[in-house]
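Data first, discussion second: the structure below is written as structure tokens.
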There are 4 protein chains.
Amino acid sequence: MKNNIGTNISLTVFGESHGPQIGAVLDGLPAGFAVDEDRIAADMEKRRAKGRISTQRHEADEVHIVSGYFNGYTTGTALTILINNSNTRSKDYEKTKNRLRPGHADYTAFEKYHGFQDYRGGGHFSGRLTACLVAAGSICRQILEQKGVFIGSHMEQLYSIHDDVFSDDLETLKEQIDLMNHREFAVLNTEVGRQMKEKIEAVASQGDSLGGILETAVIGLPTGIGEPMFDSVESVLSHLLFSVPAVKGVSFGLGFGFAKVKGSQGNDDFHADPYGHITTMTNHNAGINGGITNGMPIVIHTVIKPTASIYQPQPSVDYQTRENVTLQIEGRHDPCIVHRARVVVDSVVAFGLLDLWMSKKATEDWVCA
Amino acid sequence: MKNNIGTNISLTVFGESHGPQIGAVLDGLPAGFAVDEDRIAADMEKRRAKGRISTQRHEADEVHIVSGYFNGYTTGTALTILINNSNTRSKDYEKTKNRLRPGHADYTAFEKYHGFQDYRGGGHFSGRLTACLVAAGSICRQILEQKGVFIGSHMEQLYSIHDDVFSDDLETLKEQIDLMNHREFAVLNTEVGRQMKEKIEAVASQGDSLGGILETAVIGLPTGIGEPMFDSVESVLSHLLFSVPAVKGVSFGLGFGFAKVKGSQGNDDFHADPYGHITTMTNHNAGINGGITNGMPIVIHTVIKPTASIYQPQPSVDYQTRENVTLQIEGRHDPCIVHRARVVVDSVVAFGLLDLWMSKKATEDWVCA
Amino acid sequence: MKNNIGTNISLTVFGESHGPQIGAVLDGLPAGFAVDEDRIAADMEKRRAKGRISTQRHEADEVHIVSGYFNGYTTGTALTILINNSNTRSKDYEKTKNRLRPGHADYTAFEKYHGFQDYRGGGHFSGRLTACLVAAGSICRQILEQKGVFIGSHMEQLYSIHDDVFSDDLETLKEQIDLMNHREFAVLNTEVGRQMKEKIEAVASQGDSLGGILETAVIGLPTGIGEPMFDSVESVLSHLLFSVPAVKGVSFGLGFGFAKVKGSQGNDDFHADPYGHITTMTNHNAGINGGITNGMPIVIHTVIKPTASIYQPQPSVDYQTRENVTLQIEGRHDPCIVHRARVVVDSVVAFGLLDLWMSKKATEDWVCA
Amino acid sequence: MKNNIGTNISLTVFGESHGPQIGAVLDGLPAGFAVDEDRIAADMEKRRAKGRISTQRHEADEVHIVSGYFNGYTTGTALTILINNSNTRSKDYEKTKNRLRPGHADYTAFEKYHGFQDYRGGGHFSGRLTACLVAAGSICRQILEQKGVFIGSHMEQLYSIHDDVFSDDLETLKEQIDLMNHREFAVLNTEVGRQMKEKIEAVASQGDSLGGILETAVIGLPTGIGEPMFDSVESVLSHLLFSVPAVKGVSFGLGFGFAKVKGSQGNDDFHADPYGHITTMTNHNAGINGGITNGMPIVIHTVIKPTASIYQPQPSVDYQTRENVTLQIEGRHDPCIVHRARVVVDSVVAFGLLDLWMSKKATEDWVCA
């Protein structure tokens, strides 16, 4: 459904880039969870624009919880988050409101909403709405973390620059996730990070933009989460990930690399340790078999396309006059959003996994011995 | 929800590999649509196992419509499809029922269903259930086709063998789609097809298996289909595609290639023809901007991993005794399912797009002048 | 959604009165539940037509479980029920297929499905489909019963004849529920039952029909089931009850009697016993406060209208010619369905409460101390 | 789902009685609808407390639309309504927060939310949240009205005082609906209204409260709206109506009166006028056959129980100490909410019917000739 998703917990997102407020309703949370508001702020900070590698629209992104939260604890009823839009410059958009930005949703918004869409700053299609996903997702993450589940992402690739990859060793991976969640620019290799920033700045100075690939890992999930057919872990997570603007590809484990291996190479052999604990010796399937978690880390690759709004002149069309025109974008835009998107990815993954875990709980412990 | 999906039309899938019947309920269809049963049979035939490149379990896959269908037309009420399982050899599975097949859902089924799962032939996790998706999807496709929407897939890659790619030219693409829907082994280049079949047979003789990448194209969709946030076209289609067993990656347009281009290269510039009809000059975004169709072809890449069930001995674990064992699989399995999966992919794409189109219709023509 | 309902468990119903089969898919059941097939048969028997007080269409109503069930236990995947239609006489309906039965769905089916509906025996609108509700509901009831939850209904009113009412005393009520579940004609007072049967037979001989009111009680539910706003216990149960053909009113506890009392009379005062167990001293609110169970019995009244299909000549319209005509119904119809409907009511109530209970479980035990 | 409902349009409600704001997200609206904000204010005014017959908590109930609305028109994206809580006196509730109000949700909230619920003013269970239903419902009503659909309710019964009933004559009924929508105290017979107000004031002076029955009529709906099984018009509307606090019974047409008539009396005979337009000669079935509209007025009865919060001392229990106590409520409460509830009833009915109509549109015009 349009702006609402979820089964046992549901998330409703609303707002426009230049409206008074954006927000989210997170419903179905357990009662009595002590939300760490500082942690929400820390997660918001990871997404917040700053420096020359992001948009010059700087927002405080302060999160106001106006319902479902009482004396520091979730009440169990619908929890509502409001975030103010303060730093808007709507006039940047008036002049070009009929000129369709290539790669952006301007044209499709016209076709779907017949000209009634709020065009200012991309309106409802703005990446600004991902702030709501982060705030809501932060609460989901906190719940998962107290259960021993940790999520983290890094920028595996930016243009032609490649970061190190997440480790196959669980202990090392745990440290890497922790590191990513404390590092402002999420790369494993800081020298690579320096190169990536330079590359973004260089491309920004050309009025152009860049995309990249995020690698996300989830550790600590129990086995048996996910459903066999339509709510496979992959289905639920990809649904959420493709809801994030600019995502154009999602894969799990070996992903598209599965095309190039044989079954004997792609299968993950099982092993039991002396205590009878079963793991797989490799993790090509990213902790998911038949759509259901097997206890190994979930590993996801998500590609973020280069920001559509670039400052170079682009061939376009005036929607009203149907004339071919040259578009010169104004407004303030990101030369790259991959580094800001990583916490958005973590957030929607957290929401999806918490919801699937709840569905598992719903069907358990029904059979009396 | 587990085995049910959809908003205005919904699809419920049920059954197990060795149960008496598998089936699907397709609800919310328009009344009065003349279903072409021969076409369903033709679509089923594309998925049906035959020859040495598929499993030796040969099923008639005859489709019985037992409700929602009267005198050759849909009634508008829930349409139910039943398909018999006739060629089952359950004893192949008894001996090894506690030995977990690497890459398959045996272990996760144990963990989720606590040993109560039907293990015969993979039970509910069998690729056999995709027969239901094809039968239901065929009806959706037929509805779309009379509206001028056509869907087709080919095997773009199998191991290291690459087919030609779909054309950027709409007329040519239409012909290619038509060709794929009439060709038994879906490749554009028949010489490549011959090589692929040889490769599958060679790998089969080693007791191993192969995967590949399907390229799928959809033409003729109107603009304005899809929702802005959670029901983006990419979200809905990927949700369905990752419900198909063995799918481990889905991308749209340039997909993961977006990481390697700049915005100026990845954006699709707009152009208006003399009649005011707007198109894009390239189609890197696969006909989707902001989650909504822009009228250009939708182009999807789906990776299918190599069949998990291979005949080579594999390290495994006995779930009950927790002993490390060597698994020697019996039963009849496909050395490759990519060629059979292509019509499954077409089918779920058809379902998803029809449902999204219906959602669009639901909100239109409400405002009186 | 049309023919599908539920959150953690879902129920999909399909079929037509004179099609080959009707059925249901019950998805989301816990794995490992030992279904008692004899009990399903016993529940089906309560709904089955027999004697002069029901239709002369006698069906075996044998229930075939074709998926989600293995070696006597639920597998946890979609459980599918098929029931054959064997005793059909479709020609009874051909002659009058355009003559709209007053009170029935003939006209609205024409308007909704544009003449493509299966008109034979009421098609999808036939009370025959409630057989699916009973079969699926019987499994839900069995799960609830092992948890100590019992459901029963009796015919509180038939025309001007009134049965005794359910007791306020919990022990007595439990015995009454048990009695109703073993009595073929569900009345507390057997002398009243004799009068009711006579009345039905008398009215049947006039070619007319009767309705009535069912009183349903549920005992043993834990507190805290139900949701605060849209999924209140009353909302979920009424949604299901109004899905049963011929239901035209649903109330809880005092119901419409609440209009005639003051707050001081309608409120249920609280009382704690020496062990600190809290109950209410009366139960006007039917065990539900704020949409959520308080541990007292749920008491529901459901009105079933007189069967629409009667044998008296009725003014009607020919849908095709638009002529005013006199309709003389053929076919075989029930002079009363209240006695058959009671187990249908029990069944949908069981489904609704099990689903709500599952939703409660999904959000519990998330907060680590 | 808890605080979210709807298929093609969805409504999410959030907030607590004494939180900073309550609100609603109405998603899936058609784009380009010119919302009449004065009309929203007028509908809010009908629900607003004033005079001695309502609570002394007087709120401005100003509606702020913060998303999905641009330049006076709906944009088609999620429309969000915020309403401030300004006149709160939370200290009234602290003293008695563990003393369970009979008839209210205090006990069930404790049991469900384990003490983490916001107890102030009833928190999420407060009738205050119905302000959100009215604001959202007003927009739905406006859309329906431009399509010729009108909804109105009157207080048919208050304690032992009975209003006139809605007319069977369509023209007269239309005038009555219009009158009710302009009358502050919704009764057809103003002398009866005077008596009702006196009765409320008299009961209020005793520290007691009253309930009543609302009769609601909907005219102008096309035929063919509603679904055959689970989304019957009655199912969808009752689900919404039972979501309104204090509703304990809902019936359609003759309702519980159907138990006392024969089929020959309860059926509505069909008649075609000279133009071939089909109507029924009576309307016992309230414009709904088989769950689907037949073009006749929908007529609903909804019982509202007496306000649970009364000022008389009541036997209760302290939840923490488990002691039996006498509860003396403070705070400000309504002696009757029936007169305020009528516009809430109209509002949820409008939402439900608009959503069902949208579902009908989704499946129409698919079959090409």
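Read-outs: derived from the displayed coordinates by stated rules, not from any lab. This one's a predicted model, so the numbers in the text were calculated from it and none came from an experiment. As a convention, Cβ positions derive from the backbone with ideal geometry for all residues, glycine included, and neighbour counts pool all protein chains shown.
What translational diffusion coefficient, to the nearest whole µm²/s, does the stretch C:242-369 have by Stokes-Einstein, given a Kirkwood radius computed over alpha-carbon pairs, a temperature of 10 °C and 1.306 mPa s viscosity?
Details: Rh = 19.1 Å.
Value of D from the Cα-based Kirkwood radius: 83 µm²/s.
Pop out the ³J(HN,Hα) list for the stretch D:128-137 in order, Karplus 6.51 cos²θ - 1.76 cosθ + 1.60 with θ = phi - 60°, rounded to Hz; leave Gly and Pro as x.
Running phi through 6.51 cos²θ - 1.76 cosθ + 1.60 with θ = phi - 60° gives 4, 5, 5, 4, 5, 5, 5, 5, 5, x Hz.
Name the residue from B:124, B:158, B:138 whose Cα lies farthest towards the positive end of the charge dipole of the stretch B:58-171, charges +1 on Cβ of Lys and Arg and -1 on Cβ of Asp and Glu.
B:124
Expressed as a whole number of Å, what is the distance separating the alpha-carbon centroids of the stretch D:15-32 and the stretch C:253-270?
About 32 Å separates the Cα centre of the stretch C:253-270 from the one of the stretch D:15-32.
Based on the alpha-carbon gyration tensor of the stretch A:31-137 and its eigenvalue square roots a ≥ b ≥ c, which shape applies: rounded if a/c is under 1.5, prolate if not and a/b is larger than b/c, or oblate? Mind showing how you got there, number by number?
Values: a/c = 2.96, a/b = 1.85, b/c = 1.60.
Taking the square roots of the gyration eigenvalues as a ≥ b ≥ c, the stretch A:31-137 is prolate.
How many nanometers, to one decimal and shortest first, lie between the label point of residue C:45 and those of its other copies, if labels sit 7 Å from Cα toward Cβ?
Those separations, rounded to one decimal, come out as 5.0, 6.6, 7.1 nm.
Output the Cα-based Rg and Dmax of the protein assembly as shown in Å, rounding Rg to one decimal and Dmax to a whole number.
Both quantities, over Cα of the protein assembly as shown: 31.2, 93 Å.
Can you tell me the dipole magnitude for chain C around its Cα centre, using point charges on the Cβ only (Lys, Arg +1; Asp, Glu -1), in Debye to the nearest 20?
The dipole of chain C has a size of about 1280 debye.
Using a basic spin-label model with each label point 7 Å from the Cα along Cα→Cβ, how many nm lie between residue D:52 and residue B:265?
About 8.1 nm, to one decimal.
In Å³ and rounded to a whole number, note down the convex hull volume per residue for the Cα atoms of the stretch D:86-201.
Numbers: hull volume 20.3 nm³, N = 116.
Hull volume normalised by residue count: 175 Å³.
Given label points at 7 Å from Cα along Cα→Cβ, what nm distances, shortest first, separate residue A:56 from the same residue in every other copy?
5.8, 7.2, 8.9
Going by amide H atoms built from the backbone, whose H comes under 5 Å of the H on residue D:269, apart from near neighbours?
D:281, D:282
Starting from the 7 Å offset along Cα-to-Cβ, what nm value, one decimal, do you get for the label separation of residue D:330 and residue A:89?
For the pair residue D:330/residue A:89, the computed spacing is 5.4 nm.
Between copies, how close do the residue B:148 label points come, placed 7 Å along Cα→Cβ, listed in nm from shortest?
Ordered by increasing distance: 3.1, 5.9, 6.5 nm.
In whole Å, how far is the Cα centre of the stretch C:172-237 from that of the stretch C:143-161?
If you average the Cα positions of each part, the centres end up 5 Å apart.
Any idea what the dipole of the protein assembly as shown comes to, in debye rounded to 20, about its Cα centre with Lys/Arg Cβ at +1 and Asp/Glu Cβ at -1?
On the way: 136 positive and 176 negative charges, 0 e Å.
Here the protein assembly as shown has a charge dipole of around 0 debye.
Filter the cross-link list C:174/C:248; A:50/A:112; C:199/D:260 down to pairs whose alpha-carbon distance in this structure exceeds 23 Å.
In this structure, C:174/C:248; A:50/A:112 lie more than 23 Å apart at Cα.
Calculate the length of the line joining the C-alpha centroid of the stretch A:36-68 to that of the stretch B:294-369, in whole Å.
So the two Cα centres are separated by 38 Å.
If you average the sequence gap of Cα pairs under 8 Å that are 6 or more apart and divide by the length of the stretch D:4-355, what percent do you get for the contact order?
Working: 724 pairs, mean separation 80.3, N = 352.
Relative contact order for the stretch D:4-355 comes out at 23 percent.
I'd like the GluC sites (Glu not before Pro) in the stretch A:1-55 restricted to DSSP loop residues with at most 11 other Cβ atoms within 10 Å, sorted by number.
Working: sites: A:16, A:37, A:45; in loops: A:16.
Hits after loop and neighbour filter: nothing returned.
Closest to the C-onto-B rotation axis, which residue of chain C has its Cβ, and how many Å off the axis is it?
Here the nearest residue and distance are C:12, 2.
With θ set to phi - 60° and the Karplus curve 6.51 cos²θ - 1.76 cosθ + 1.60, what are the ³J(HN,Hα) couplings of the stretch A:299-307 in order, to the nearest whole Hz, using x for Gly and Pro?
Once rounded to whole Hz, the list reads 10, 10, 10, 10, 9, 10, 6, x, 3.
Using Cα atoms only, what is the angle between the long axis of helix A:338-362 and the major principal axis of chain A, expressed in degrees (0 to 90) to the nearest 10?
Tilt relative to chain A: about 40 degrees.
If I take all pairs of Cα atoms in the stretch D:1-80, what percentage of them are more than 18 Å from each other? Mind showing how you got there, number by number?
Numbers: 1662 of 3160 pairs.
Result: 53 percent of Cα pairs exceed 18 Å.
Considering every pair of different Cα atoms, what Kirkwood radius, in Å, is found for the stretch A:4-362? If you can, show how the numbers build up before the last one.
Numbers: mean 1/r = 0.0468 Å⁻¹.
After inverting the pairwise mean of 1/r, the radius is 21.4 Å.
Which of the trypsin sites (Lys or Arg not before Pro) found in the stretch C:41-96 are loop residues per DSSP with 14 or fewer other Cβ atoms within 10 Å of their Cβ? Each step should come with its number before you reach the end.
Numbers: sites: C:46, C:47, C:48, C:50, C:52, C:57, C:89, C:91, C:95; in loops: C:48, C:50, C:52, C:57, C:89, C:95.
Sites meeting the loop and neighbour criteria: C:50, C:52, C:89, C:95.
Just rank D:18, B:124, fewest to most, by other beta-carbon atoms within 10 angstrom.
Placing the least packed residue first, the sequence is D:18, B:124.
What is the angle, in °, between the Cα long axis of helix C:37-47 and the longest principal axis of the Cα atoms in chain C? Nearest 10 is fine, range 0 to 90.
Helix C:37-47 sits at roughly 60 degrees to that axis.
Relative to the longest principal axis of chain D, what angle (0 to 90°, nearest 10) does the C-alpha long axis of helix D:170-182 take?
30 degrees
Calculate the dipole size of the stretch C:1-105 relative to its Cα centre from +1 charges on Lys and Arg beta carbons and -1 charges on Asp and Glu beta carbons; express the result in debye to the nearest 20. Walk me through the numbers on the way to the answer.
Working: 14 positive and 12 negative charges, 169 e Å.
Its charge dipole is roughly 820 debye.
Each residue of the stretch D:147-156 in order: what ³J(HN,Hα) in whole Hz does its phi give by Karplus 6.51 cos²θ - 1.76 cosθ + 1.60, θ = phi - 60°, with x for Gly and Pro?
9, x, 9, 10, 10, x, 9, 9, 7, 6
Mean residue ellipticity at 222 nm from the helices of chain C, using -39,500 (n - 2.57) per DSSP H segment of n ≥ 4 over the full residue count, to the nearest 500 deg cm²/dmol?
Value at 222 nm, helices only: -9000 deg cm²/dmol.
So which chymotrypsin sites (Phe, Trp or Tyr not before Pro) in the stretch A:244-348 are both in a DSSP loop and have at most 14 other Cβ atoms within 10 Å of their Cβ?
Within the stretch A:244-348, the qualifying chymotrypsin sites (Phe, Trp or Tyr not before Pro) (loop, at most 14 other Cβ atoms within 10 Å) are A:275.
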